[in-house]
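The values are calculated or read from the model by the stated rules, or taken from the named source; none is laboratory data. Quantities reported herein were computed from a predicted structural model and do not represent experimental measurements. Heads up, the Cβs are rebuilt from the backbone with ideal geometry, glycines too, and the neighbour counts pull from every protein chain shown. With ligands, DNA and RNA removed, areas are computed over all heavy atoms of the protein, side chains included. Shrake-Rupley method; radii C 1.70, N 1.55, O 1.52, S 1.80 Å.
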Amino acid sequence: MAPPQPSSMEEQSGELCEPESEEGEKQGPGPPSDQAHLVTYDAPDGGWGWVVLVATILVLALTLAFPSCIGIFYLDLQEEFQASNSETSWVPSIMTSVLHAGGPLCSMLVERFGCRATVMFGGVLSGFGMAVSSFSHSIVDLYITTGVITGLGFCFSFQAAVTILGHYFVRRRPFANAMSSTGTALGLSTLPFLGDYLQSTLGWRGSFLVLGAVLLNCCVCGAVMRPVRPRKPRKSEVKSNGPRPAGKKRCVLEIFQGLASFLRKHMAFDLFCSNPRFRVFSLGITWMMLGFVVPLIYLVPYATAHKMDPSRAALLLSILGFVNIIVRPPVGVLFSLSWFKGRHVYFFSAALFINGLSNSICCISASFPVLLMYVLTYGLSMSLVGSLMFTVLMDTVEMSQFPSALGLISIMESVTLLIGPPLAGILVDRTDQYTYVFMACSISVALSALFLMVSFYWLDSHDAAQKNSSSASGSPAKPAVSLAMDYQYSSVPTDGDKTHNPSSDI
């Protein structure tokens, strides 16, 4: 079905406005219900949406790519605080882990204050964390300032920006997602140059202070993310559930109901138990993250430890970013074709397998030509993995369950993102060789890819056999996972900008 057409030229132009403040009034006696008014949104699929897309690209460049660029200051931090590889690696590890683990908290802020305010608050928080970290006196101070505070700010800005982008685009959503994913590549190609220049002129303390100011640009990006204009609200009846228990029993009941509602909405534990495809995918992604980002953290220290000039080592990360910028947009358009429908997970697994094997190239030599071949291979496969990850998740669960599914995966992968770099640091401290780190990452990522490929092939074969047996007996087959083809996106008003899924039929 085609999305409903706007009824005026103003709506056709994609003009946006703040939700009306009177929506939540006159609900009648009794406790307020978030189902009292149902507001749907027309996604512009253009217009101001292009401005929001550019802002989202910049937010992703400043947030997702930043932890990988901490490697520029890796040796400086070791010398300053006399820290081991394991102790130093906790800094980007905590930052990356908090960036993903803060998803449920970010979701609560988006519901209460809206995407725009959440992105701007994240920019303030991350900028403050980096600025304060320049005055750190111990490696533990960096864990708190650079790791927790800055990482939490990254989480708020990144996830809220991706959320509002989905409200602006429905028909062009695959293209918008592919373009926004180039933000990470843009950061990887520019931040290493900036970090290397600042490090050579200001040292790591001055660099962190300047980078804190740079991160405040997330506030500028968030300021342009206006909420989508709502259509006419549809009122629904507020049903009374009868007399409510009084006293302590009522208080305890409300607490448990609120906790259960929170877990269902933001962490899809019931979906993890009932949907085998989502269970396999979430476990595979969690396994993958154990070694997926570690090479990006240790690439520059590995190169500089073998007497490579720091500027040339930083150039390797920039080349990796440029490869992603070039490859991701056409990959996103290519995999939007109908032929790839139902096959996304196999291309994702194949790209992930190649990505894992590419880490073993670093074991050959630490010379610039060898590492250049490594970043080209790693960058190509990383582009495919990054472009297909959310697409595979959307193929695995219903869109109505996507936010909670993403929240659970973020929590699960944050654990392996937290322990991966420190485990690699312990390996370097014990062996004095970086090559073992890249070999371990190669094995871990490649095995996770094989796990995904074999598991989904078995699930597909099982479903096909079940369908054939049911058709032979004359009874319709019951699908293992019900995936609706026509999605109705709707939003429930909140006290913020009410940025929920836009109402359109695909």
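Brief remarks on what is shown
- Ordered from largest to smallest accessible area (heavy atoms of protein chains, 1.4 Å probe), the residues M373, M95 come out as M373, M95.
- By average C-beta atoms within 10 angstrom, highest first, the peptides 155-165, 275-285: 155-165, 275-285
- Counting only heavy atoms of the protein chains and using a 1.4 Å probe, D460 has close to 50 Å² of accessible surface.
- Part-to-part distance (alpha-carbon centres) for region 373-410 and region 84-105, which is given in Å: 20 Å
- In the context of the full protein assembly, H306 retains an accessible surface of approximately 100 Å², using a probe radius of 1.4 Å and ignoring ligands and nucleic acids.
- Hz values of 3J(HN,Hα) by residue in region 292-309 - Karplus curve (6.51, -1.76, 1.60), Gly and Pro given as x: 6, 9, 4, x, 5, 6, 9, 5, 5, x, 4, 5, 5, 5, 9, 6, 7, 4
- From phi via Karplus (6.51, -1.76, 1.60), per-residue ³J(HN,Hα) for region 57-73 in Hz, x at Gly/Pro: 4, 5, 5, 5, 5, 7, 10, 5, 7, 5, x, 5, 7, 5, x, 4, 9
- The label point for R343 and the one for D309, both projected 7 Å from the Cα toward the Cβ, are 4.6 nm apart.
- Accessible area of region 98-238 belonging to carbon and sulfur atoms, whole % at 1.4 Å probe: 69 percent
- Sequentially through region 219-225, phi angles give Karplus couplings (6.51, -1.76, 1.60; θ = phi - 60°) of 5, 5, 5, x, 5, 8, 8 Hz, Gly and Pro residues having no value and appearing as x.
- Using Cβ point charges alone (K and R +1, D and E -1), the dipole size of region 274-465 about the Cα centre works out to roughly 200 debye.
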